[in-house]
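Each remark here refers to the structure printed beneath this line.
The values are calculated or read from the model by the stated rules, or taken from the named source; none is laboratory data. Quantities reported herein were computed from a predicted structural model and do not represent experimental measurements. Reconstructed Cβ throughout: ideal geometry from the backbone, glycine too, with neighbour counts over all protein chains shown.
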Amino acid sequence: MPHYDAIVVGAGHNGLACACYLARAGLQVLVVEAAAAIGGMTSTRELVLPGFHTDVHASGYQLANLSSATDELDLAGFGLELIRPDVSLSKVFSDNRSLSIRTSLDHTCAGIAKFSPRDANTWRSLYGEYLSERDRLRRELESPPRPPEAISAELAQDPRGFQRTRFGYQSVRSWAGETFDSEEMRDLMADFAGHAGFAPDDAGGASFALLFLSIIQDAGNRAVKGGMGGLPTALAASLAAAGGQVRTGAVVTRILAPDGVATGVELADGAILRAGTIVSSIHPRHLILNLLREANLDHSIVEDIKRYEIGASQFGIYLALSGPVAYAAGSEAGSATQTHLMPSTTDGLAEAFRAVRAGQLPAVPSAFVVNEAAVDPSRVPKGKSALKVILTTVPYTADWPAQRIPYAQEVIEQICRQHVPDLKEKIIGMTVMSPLDFAADLASALHGTVTHGAMTLYQQGSLRPTLSLGQYRGPARGLYLCGAGSHPGPGVSMMPGRNAANVILADLDQSRRH
Ligand SMILES: Cc1cc2nc3c(=O)[nH]c(=O)nc-3n(C[C@H](O)[C@H](O)[C@H](O)COP(=O)(O)OP(=O)(O)OC[C@H]3O[C@@H](n4cnc5c(N)ncnc54)[C@H](O)[C@@H]3O)c2cc1C
């Protein structure tokens with residue numbers, strides 16, 4: 001029976017990053033992945049037509065800009081190549097004016113000043129504050145989360161403690177309304193909170209929007225040359241160089257944890273693999289409710305994870321195009337890594353969230369476009385183009401088998417009518433992914449979500465996924481969590497994987513000493 005020091009379940013980028021750190025520390029590591037290929041939500045495939053390399057899930061290298069893993073694991077040395085387009089993101093309004101975050105802060109501010117000179121100065125000063133806080137932020141993201149009482153004690157000593165606490169709870173509408181004069185800057189902020197599932201009036205949306213947009217101003221909304229799949233490929237190469245192995249097409253059906261101690265995993269074909277350390281990068285609900293079902297878990301662990309909220313389902317329209325398209329807003333919008341198209345106002349976004357939460361398809365969905373080929377022509381055949389349209393929130397419960405294609409066609413009509421008039425005539429291939437398709441494609445995309453659990457205020461930090469599982473340690477000795485369901489949560493960052501590896505190595509060191 002094969003025996004390893006550590007088995008990592010799931011070869012998404014967090015599982016692979018965790019495995020790299022464990023292997024570099026000298027452990028014999030195996031990563032087992034259910035899908036036929038590695039990557040999880042960082043995979044690139046010929047999804048629409050041969051020769052068109054599509055990012056099925058993530059496209060932007062954003063939070064990862066702050067991650068130490070890129071350098072520590074020498075990902076550039078193992079083939080990761082990042083492209084930084086001048087225009088990181090653009091928001092297009094209903095009159096086809098646009099507002100962009102660009103590489104140069106001066107260029108960004110010049111664009112904002114067209115809407116409000118005061119907002120341009122405000123953005124400059126917010127960005128300055130981010131730069132002065134960047135190292136502290138990075139430390140927070142790259143450390144196990146502190147318990148709520150430690151955070152409260154620190155804020156009580158901080159002269160700005162009240163302001164920081166208030167900001168942490170604020171909705172994006174509340175904060176952007178008191179911070180910016182122009183509706184357009186407020187709308188841009190609201191869009192970005194919506195990315196993580198925060199409706200404009202949801203508590204906690206402000207800090208997420210400001211963090212992400214500041215990171216993008218700082219290091220860009222970078223794309224991986226050839227597709228996001230270049231990231232897991234580089235991680236797997238880094239892992240192989242450290243002696244680790246990956247096995248794909250290996251579905252883990254059970255984690256063996258007799259007497260509260262993790263000892264191995266069972267695969268769908270009945271094979272048993274043994275290891276002293278088991279690390280899970282899969283959705284925490286799947287881990288607790290399905291894979292640990294015979295581990296005699298404490299009742300409260302099961303009840304807490306049943307209440308762990310799943311979050312906003314997504315919808316994707318992937319288009320192969322006969323050639324580049326022209327945005328009515330101009331070339332700046334068309335050259336951005338991503339362009340936010342609809343709804344153009346905060347009220348419109350709030351209405352889209354309201355409809356989804358009532359189980360309805362929004363008349364105007366929350367949609368952004370990834371300009372895949374404009375940013376990286378190497379992904380498509382010469383002269384051709386490609387776009388990916390992501391709807392950031394749709395109801396999971398719609399009748400998707402019947403509504404999938406008509407809804408996609410309706411969204412394309414809206415985009416053509418308002419923003420990209422020549423889009424329809426250039427389409428030569430289309431693949432549509434409803435929440436059901438995302439979920440069927442990838443076991444971790446529960447209900448077609450991208451976050452391994454909603455990013456509500458009560459599912460962040462040490463409360464993610466639940467208080468008892470919030471420090472990367474699972475409910476059995478030797479079992480750990482290392483995916484987006486752990487701090488600091490979703491997004492391409494490698495941080496949950498890196499943080500978990502540090503906790504595991506510290507625990508192993510501790511047990512060796514005793
Ligand atoms: C449409 C979409 C767009 C996104 N856009 C962005 C973006 O632009 N920028 C950004 O930063 N983030 C984005 N994200 C979010 C980001 O991709 C994810 O949060 C992140 O990649 C999750 O990584 P992970 O390694 O934690 O989990 P995953 O990538 O989900 O990896 C988990 C792995 O576990 C495997 N697995 C599950 N069950 C089993 C089992 N029983 N046995 C074996 N293996 C199993 C799965 O197959 C999967 O490969 C997007 C996500 C989606 C879906």
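If I ask for residues that are buried (at least 24 other Cβ atoms within 10 Å of the Cβ) and within 16 Å of the ligand (Cβ to nearest atom), which ones from region 197-208 would you list?
Here is the first cut: in region 197-208, the ones buried (at least 24 other Cβ atoms within 10 Å of the Cβ) are 197-200, 205-206.
Result: 197, 198.
Residues in region 52-71 that are within 7 Å of the ligand (Cβ to nearest atom) and of a type in the set (Ser, Thr, Tyr): 1 in all. Among the criteria (1) of a type in the set (Val, Ile, Thr); (2) more than 13 Å from the ligand (Cβ to nearest atom); (3) in contact with a Lys or Arg (Cβ under 9 Å, 6 or more places away or on another chain), the one residue 48 does not fulfil is (3). Quick check on my filter: what residues within region 100-139 are over 27 Å from the mean Cα position of the chain (by Cα) and of a type in the set (Asp, Glu)? Listed by number, the residues that qualify are 106, 119. Within the option set 118, 102, 84, being within 15 Å of the ligand (Cβ to nearest atom) and among the basic types (Lys, Arg) holds for one residue only, 84. Within the option set 369, 364, being within 24 Å of the chain's Cα centre (by Cα), closer than 28 Å to residue 224 by Cα and modelled with pLDDT of 95 or more holds for one residue only, 369. Taking residues in region 229-257 that are surrounded by 20 or more Cβ atoms within 10 Å (Cβ to Cβ), and partners anywhere that are among the aromatic types (Phe, Trp, Tyr), the pairs with Cβ atoms closer than 9 Å and at least 6 places apart or on different chains are 231/61; 233/78; 234/78; 235/78; 236/78; 238/78. Every test in (1) within 20 Å of residue 223 (Cα to Cα); (2) in a strand (DSSP E or B) is passed by residue 315 save one, and that test is (1). Of all residues in region 298-307, one or more are modelled with pLDDT under 95, of a type outside the set (Val, Ile, Thr) and either in a loop (DSSP other than H, G, I, E, B) or surrounded by 15 or more Cβ atoms within 10 Å (Cβ to Cβ) (or both). Is it the case that residue 146 is closer than 30 Å to residue 485 by Cβ and not aliphatic (A, V, I, L, M)? It is true that residue 146 is closer than 30 Å to residue 485 by Cβ and not aliphatic (A, V, I, L, M). If only residues of region 489-508 that are of a type in the set (Val, Ile, Thr) and crowded, with 23+ Cβ neighbours inside 10 Å are counted, the one that is farthest from the ligand (Cβ to nearest atom) is 504.
Can you list the helices (runs of 4 or more DSSP H) lying wholly within region 97-216 that have 2 or more residues being in contact with a Lys or Arg (Cβ under 7 Å, 6 or more places away or on another chain), closer than 17 Å to residue 345 by Cβ and without any contact (Cβ under 8 Å) to a residue 24 or more places away in the chain? Qualifying helices (runs of 4 or more DSSP H): none found. Only a single item in (1) part of a loop (DSSP other than H, G, I, E, B); (2) surrounded by 18 or more Cβ atoms within 10 Å (Cβ to Cβ) is not met by residue 51, and it is number (2).
Here are some residues: 196, 176, 234. Which one is within 26 Å of residue 312 (Cα to Cα), modelled with pLDDT of 95 or more and among the hydrophobic types (A, V, I, L, M, F, W, C)? Please lay out each step first, then the result.
Details: 196 fails: modelled with pLDDT of 95 or more; 234 fails: within 26 Å of residue 312 (Cα to Cα).
None of the others qualify; the one that does is 176.
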